[in-house]
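Down below is the structure, laid out as structure tokens.
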Amino acid sequence: MSERIRTVVLMGGPDAERAVSLMSGEQVAAALAEDPGLEVIPMIVDTPTANELLAQRPDVVFPVLHGPFGEGGPMQEILEAAGVAYVGSRPKAAALAMDKVATKALVSGEGVPTPRSRELRRGDAIDLDPPLVIKPANEGSSIGLTICQTIAEAERSAQALFAMGKRVLAESFIKGREITVGIVDGDVLPIIEIIPAVEYYDYQAKYDRDDTQYILDPVLPAGVTEAVRRFTRTAWDRIGCRDLARADFLVDERGPWFLEINTMPGMTSHSLLPKAARHRGISMTHLCAGLVRRAFARQRPVAAGR
């Protein structure tokens, strides 16, 4: 092992969020390069094997990958097989968090409110009242998401996703304020309210546009701040997340509604977890290097921690 921690930063991957991953990975690699105790090896990948990763002689792998393969369990299984320390959740937690249907069922059982929803199968009648959100059950970055005002529109949107081989989730539309809550090593970060200039916080608003407003520590109705922080920690604990995650909520006159939790949140210049960390006084370098050092400190046998 070298004197510095040899850190391989994975980016790219085969998922629909590859472009986001490349942006995130570049930011993470640049931040880590500022730490003199780390040797940083950026690596653009598709679906790497354990042997390809081991050929880089990593002390730690930072898989800055988004989507079902890179973030949802398969990549984590490869890292486990390689027996190398890595940043992020273990395979089981990663797969669970990527599955919006399973996540919603789990957290709602713990008293966390979440919009009414159904996983749709081909030919199913949609028994939720519009307006509805139709989206893939296991994608991120609002990819494939549509807001539908009628059942007919929802059925067309669902069929389009089925045609792409996607699992489909129908969810009651909540009109409210969008907030997100990051969490690092169990520490809940400041809340961010997202105010897009368009109808909703879509892919372009997240990564391409510069007119989205982000409000740190927003003024929320009585009890909502405490509730979303508690619900974020509940989701983190119940799913078994590790190192970092970000939970998304909508808030209306009834209170907060949990939408999902991401186990490898975006790390681009527009991304929310780094914004919340900076608001806490944690630089991008300190954030990313801290994650690497935590992973390095828990090196363990291949079979452990599954």
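Structure notes:
- Long-range amide H partners of Ile191 with built H, under 5 Å: Asp217
- Additional length obtainable on full extension of the chain from Asp211 to Glu3, 0.36 nm per residue less Cα span: 70.5 nm
- Solvent exposure ordering (accessible area, 1.4 Å, most first) of Lys104, Lys175, Lys275: Lys175, Lys275, Lys104
- Dipole orientation for region 1-111: of the candidates Ala30, Thr103, Val84, Thr103 has the Cα lying most toward the positive pole (charges on Cβ; Lys, Arg +1; Asp, Glu -1).
- Inverting the pair-averaged 1/r between distinct Cα atoms of the chain gives 19.7 Å as its Kirkwood hydrodynamic radius.
- Averaged over its residues, region 15-156 has an accessible area of 40 Å² per residue, based on protein heavy atoms and a 1.4 Å probe.
- Share antiparallel - DSSP beta bridges, region 29-171, percent rounded to 5: 85 percent
- Whole-Hz Karplus values for region 14-29 come out as x, 7, 4, 8, 3, 4, 5, 4, 4, 5, 4, x, 4, 5, 5, 4 Hz, taken residue by residue from phi with 6.51 cos²θ - 1.76 cosθ + 1.60 and θ = phi - 60°; glycine and proline positions read x.
The values are calculated or read from the model by the stated rules, or taken from the named source; none is laboratory data. Only a predicted model underlies this, so the values are computations on that prediction, with no experimental measurement involved. FYI the Cβ positions are ideal-geometry reconstructions off the backbone, even for glycines, and counts take in every protein chain you see. Accessible surface areas use protein heavy atoms only, side chains included; no ligands, DNA or RNA. Shrake-Rupley method; radii C 1.70, N 1.55, O 1.52, S 1.80 Å.
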